[in-house]
1. How large is the helix-only mean residue ellipticity at 222 nm for the chain, computed as the sum of -39500 (n - 2.57) over DSSP H runs with n ≥ 4, divided by its residue count, in deg cm²/dmol to the nearest 500?
2. Mind giving me the FRET efficiency for Asn42 and Lys189? R0 is 25 Å, r the Cβ-Cβ distance, nearest 0.05 is fine.
3. How much length, in nm to one decimal, is gained on full extension between His82 and Asp261, taken as 0.36 nm per residue of separation minus their Cα-Cα distance?
4. So if we plug the beta-carbon distance of Arg317 and Gln27 into 1/(1 + (r/R0)^6) with R0 = 45 Å, what FRET efficiency do we get, rounded to 0.05?
5. Would you mind pulling out the separation of the Cα centroids of region 231-249 and region 263-341, in Å?
6. Where does the chain land on the Kirkwood hydrodynamic radius, alpha-carbon pairs, in angstrom?
7. Provide the gained length on full extension for the span Lys103 to Arg60, in nm with one decimal, where the gain is 0.36 nm per separating residue minus the Cα-Cα distance.
8. In a GNM of the chain with a 10 Å cut-off on Cα contacts, which of Ala265, Ala73, Ala201 has the highest mean-square fluctuation?
Amino acid sequence: MQMRKKYAVSALLLLTLCGCGADPAAQEAKSLDLFAMDTYMNLKAYGSHADAALKASADRITELEKLLSVTDAGSEIYAANHADGAAVGISPDTETVLDMAAKVYAESRGALNIAMYPVLQAWGFTTGAYQVPDGEQIAALLAETDFLQVTVRDSKLTVPAGMQIDLGALAKGYAGECVMECMRENGVKSAIISLGGNVQAIGSKPDGSAWKVGITNPFLPDENLGILQVTDSAVITSGNYERYFEGDDGQRYWHILDPADGFPADNGIVSATVIGANGLYCDALSTALFVEGADRAAAHWRAAQDFQAVLVTEDARILITAGIQDGFENLTEMPVEVIAP
Ligand code: ADP
Ligand code: MG
């Protein structure tokens, strides 16, 4: 439970070139590790354009972090949070992320709510000074989390005085999406990236086979629960094991809050993985489904039909949406139940 300050550390680059034996150039992986957006990232690209693509991708991540960070006093989000209700100009990047936050807020009936930031602060999730706030304090803070009061008009963002937003639930997904774009622009046809465990892949492996992506076992986070075979997809997980603390009562309190009561979302799901074409959407959804719980998440999937999901319940069942069942290998004894359309 180390202290992790959101997005505080600027990108730290470490370029490692790892040739893969005697394979031709097209089969060689070029790999880049960096720390940004408060998480370790690894980018891997294949082919002769890989070096340029990795460099461009790292620059793009650094640029996005500067715009989207909630703690960096130079960011657009910080400016809007500290403008006392005045409208603040925002870039197309920030607007894209805010649009997605609004879309998934509506789809999930408020389960994803980026205006929960003051409540996250009260729990200490933003600084690592963890504590269980008292009920009155949470109730008072919850009164200032009506996301519909946050508006974007003419590329200007208004966060009402007394409110604050944070894009932690979807910024990494957007960064991944932008990296994919950088790679494609640079002519890369095969790449895989992990942004703190959130995976996004371009194409297939250089040999033409599907990428194999492990899904963490939330009960044993050092092990995989299963393997997914994907091409051209994002695989993004929200789990109760990622960032949490134990209270004096011995209970575990984690970093995804239920906007309904301001407490860590405890609706029967311990991890939610979302698979889809768009990393930004998948990241927003992973947080939303985690909060919604199994029944609402299943209904959400049936209504949207534009993503797939693997949910793990607190009573150790794996729920998987019908569209991905063929690509999933269960590595555990847990039963798998298919969510039908
Ligand atoms: P991670 O960032 O660990 O991969 P998520 O994508 O689920 O996991 O994002 C969790 C982050 O989202 C939290 O750290 C917090 O900043 C923010 N958050 C927590 N609860 C909510 C919520 N209900 N709606 C929107 N954002 C939330
Ligand atoms: Mg998320």
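Each reported figure results from applying straightforward, stated rules to the coordinates on display, with no laboratory input. Please read all numbers here as calculations on a predicted model, not as lab measurements. Here the Cβ positions follow ideal geometry from the backbone for every residue, glycine too, while neighbour counts run over all protein chains shown.
1. -9000 deg cm²/dmol
2. Values: r = 19 Å, r/R0 = 0.76.
After rounding, the FRET efficiency stands at 0.85.
3. Stretched fully, the His82-Asp261 segment lengthens by 61.9 nm.
4. Working from the Cβ atoms, E equals 0.70.
5. A separation of 13 Å, based on Cα centres.
6. One over the average 1/r among Cα pairs gives 20.5 Å for the chain.
7. 13.0 nm
8. Largest GNM mean-square fluctuation: Ala73.
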